[in-house]
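Report on one structure; see the data block that follows.
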Amino acid sequence: MEEYKGVWLKGGIILAFNLLADGKKAVAVGLGERDFYVDVEMDSSMSLAEAKKYAKEGNYEIKIEGKKARAGNYEVSLESDVTPSGNPKYFEILNISVHHPTPDKQYVRIRGVAFETEEQLKDYMNWLEKASETDHRILGEKMDLFSFPEEAGPGLVLYHPKGQIIRNELIDYMKEINASMGYQEVYTTHVYRTILWKISGHYEMYKDKMLIFTHDDEELGIKPMNCPAHILIYKSRTRSYKDLPIRFSEFGNVYRWEQKGELYGLLRVRGFTQDDGHVFLREDQLENEVKMLISKTLEVLAKFGFKGDDVRINLSTRPDESIGTDEQWEKAINALVNALRSLNLKYQVKEKEGAFYGPKIDFDIRDSLGRWWQLSTIQVDFNLPERFKLEYVDKDGSKKRPVMVHRAIYGSIDRFLAILLEHFKGKLPTWLSPIQVRILPINPEVREYAEKVLSKLVSVKIRAEIDSEEETLSKRIKKAYDDGVPYILIIGKKEAESNSVTIRARGNIEVKGVPLDKCVDAISKEIQNRDLTNTAIEKVKQ
């Protein structure tokens with residue numbers, strides 16, 4: 001797309017001048033990754049249809065003077081180092097958003113593209129449509145899941161209601177997995193005195209990525225990790241060998257101030273949520289604990305369709321710079337190897353790629369586009385128990401140091417969500433879909449029955465809605481497919497009279513005359529089972 005950026009920028013300038021000619025206060029033009037943008041200072045918003053009126057060819061003698069574009073009495077700021085070029089004639093407006101550069105100003109941002117030929121525009125729009133199937137950033141915008149507002153700052157995401165539904169479903173599932181392993185959920189605050197990060201080593205190792213500030217003559221830091229806080233909970237009372245293993249879990253928000261150029265949608269953000277977990281245990285308990293964690297991790301990954309050759313396991317060994325005794329490292333590595341072998345699992349050894357505090361197991365998954373992603377991790381840690389002088393009272397009354405295991409199965413919930421969106425191309429399994437059923441009444445006469453169907457679905461906690469907009473049935477069906485809705489229930493006079501529905505699923509599979517109760521029961525069971533595919537449509541066929 002680099003070859004088009006000069007034309008896009010010139011198209012944005014023309015659009016800005018068209019706005020200025022109509023009395024609108026266009027103030028700046030810039031380039032995004034795949035479009036141009038024009039910022040317009042306005043007290044109210046602007047519709048897509050209104051913006052499109054200005055997306056047309058303009059006869060302006062444009063002069064570029066530094067960071068300004070001028071034509072006659074018109075002037076806009078340029079927020080790009082690209083040189084405007086070409087003769088753009090064909091425009092398309094892609095999106096309208098609103099942001100506040102200062103407390104007393106509101107900008108309407110118009111995003112669009114411009115090309116010299118109609119064929120180039122058509123080719124680009126076709127490419128964009130295809131890209132929208134696999135780019136989580138476009139999918140997130142299209143499905144109204146999340147946004148990265150200018151006012152919030154780079155790499156800081158806001159989840160919209162539909163996006164939060166997906167997050168909650170992922171969290172609820174992981175809560176069940178954690179409970180099955182004996183984890184106790186905790187909550188820890190976001191800000192701590194920096195003495196905590198100095199003890200843990202993060203102050204030295206992560207200071208360039210941490211947010212550190214001084215308030216009331218005290219230096220404080222926002223957490224990049226959850227583990228030191230979980231250690232403080234462990235240290236809050238005396239622990240006995242009988243108490244171990246102690247397992248804490250937290251869906252903890254952490255902040256790592258990555259470089260601006262490294263940020264990339266949900267895959268690389270500055271604030272994110274981990275499905276974090278820490279286990280405090282005796283050395284003799286390590287192998288069984290790791291074995292359970294490996295099994296549960298594979299169970300979770302399989303729930304999303306990642307299994308067999310689509311999962312790769314790596315064992316990372318002691319790096320040159322490390323802490324702990326040879327005996328501790330040998331015990332830890334043996335525990336990991338024995339756990340993997342006892343489960344008959346293949347793994348690759350990554351020599352000297354372990355953490356400085358202990359060896360680890362990582363899980364890579366391959367998505368539907370053939371890309372590999374590192375997700376889950378299980379890490380053995382001698383460092384933090386030593387730094388914080390953790391203890392438990394053994395059988396003979398002596399005090400011993402526990403071993404610590406760090407684990408995250410999703411890793412970052414935000415990153416995992418991005419991977420799922422791209423893997424499923426926006427067509428998430430029904431249990432994860434923000435809207436699970438959309439009801440389409442054929443005409444207003446069956447609206448009352450449609451409300452009855454909606455009430456029935458909602459009563460069993462199925463996320464459903466009615467689409468009775470003034471559009472044709474075929475357009476509403478296409479919209480539901482485009483929105484990633486797994487099930488469409490079509491209702492006409494015949495269905496209303498027979499207390500039934502016509503059900504459509506992905507792949508244009510349709511079954512007519514399905515009794516309402518049977519339909520609701522089948523969809524409900526699919527959701528409860530967290531099935532990967534549309535199993536309800538197969539059940540209603542029977």
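Give me the strands (runs of 3 or more DSSP E) completely within the stretch 485-542, filtered to those with at least 3 residues that are free of Cβ contacts under 8 Å to residues at least 60 places away in the same chain and open to solvent by 40 Å² or more (accessible area, probe 1.4 Å), ordered by residue number.
By residue number, 509-515.
Residue-by-condition table, conditions (1) in contact (Cβ under 8 Å) with a residue 60 or more places away in the chain; (2) within 33 Å of the chain's Cα centre (by Cα); (3) surrounded by 14 or more Cβ atoms within 10 Å (Cβ to Cβ):
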site	(1), (2), (3)
Arg312	yes, yes, yes
Glu330	no, no, no
Ala339	no, yes, yes
Gln348	no, yes, no
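Mind checking which pairs have a first residue in the stretch 399-410 that is without any contact (Cβ under 8 Å) to a residue 12 or more places away in the chain and a second that is outside any strand (DSSP E or B) and of a type in the set (D, E, K, R), Cβ under 8 Å, 6 or more apart or different chains?
Pairs that qualify, where the first residue is without any contact (Cβ under 8 Å) to a residue 12 or more places away in the chain and the partner is outside any strand (DSSP E or B) and of a type in the set (D, E, K, R), are Lys399/Glu391.
Which residue out of Glu445, Glu422 is in contact (Cβ under 8 Å) with a residue 24 or more places away in the chain, of a type outside the set (Val, Ile, Thr) and open to solvent by 30 Å² or more (accessible area, probe 1.4 Å)?
Checking each option against the conditions leaves just Glu445.
Could you check how many residues of the stretch 192-219 are assigned to a strand (DSSP E or B) and either surrounded by fewer than 17 Cβ atoms within 10 Å (Cβ to Cβ) or on the phi > 0 side of the Ramachandran plot (or both)?
Result for the stretch 192-219: 7.
Scan (1) over 30 Å from Lys425 (Cα atoms); (2) in contact with a helix residue (DSSP H, G or I) (Cβ under 8 Å, 6 or more places away or on another chain) for the single condition Lys296 breaks and write down its number.
Evaluating Lys296 over (1) over 30 Å from Lys425 (Cα atoms); (2) in contact with a helix residue (DSSP H, G or I) (Cβ under 8 Å, 6 or more places away or on another chain) leaves (1) as the failure.
I need the strands (runs of 3 or more DSSP E) fully contained in the stretch 38-119, keeping only those with at least 2 residues that are open to solvent by 50 Å² or more (accessible area, probe 1.4 Å), out of contact with any Ser or Thr (no Cβ under 9 Å at 6 or more places or on another chain) and of a type in the set (S, T, N, Q).
Qualifying strands (runs of 3 or more DSSP E): none found.
Please give the number of the condition Val453 fails out of (1) modelled with pLDDT of 95 or more; (2) open to solvent by 30 Å² or more (accessible area, probe 1.4 Å); (3) assigned to a helix (DSSP H, G or I).
(2)
From Lys5, Lys24, which residue is in contact with a Leu (Cβ under 6 Å, 6 or more places away or on another chain), open to solvent by 20 Å² or more (accessible area, probe 1.4 Å) and among the basic types (Lys, Arg)?
Lys5
The values are calculated or read from the model by the stated rules, or taken from the named source; none is laboratory data. Given the structure is predicted, the values throughout are model-derived calculations rather than measurements. Because the Cβ atoms are built from the backbone with ideal geometry, glycine has one as well, and the counts that use them run over all protein chains shown. Protein only, heavy atoms only, side chains kept; ligands, DNA and RNA dropped before computing areas. Shrake-Rupley method; radii C 1.70, N 1.55, O 1.52, S 1.80 Å.
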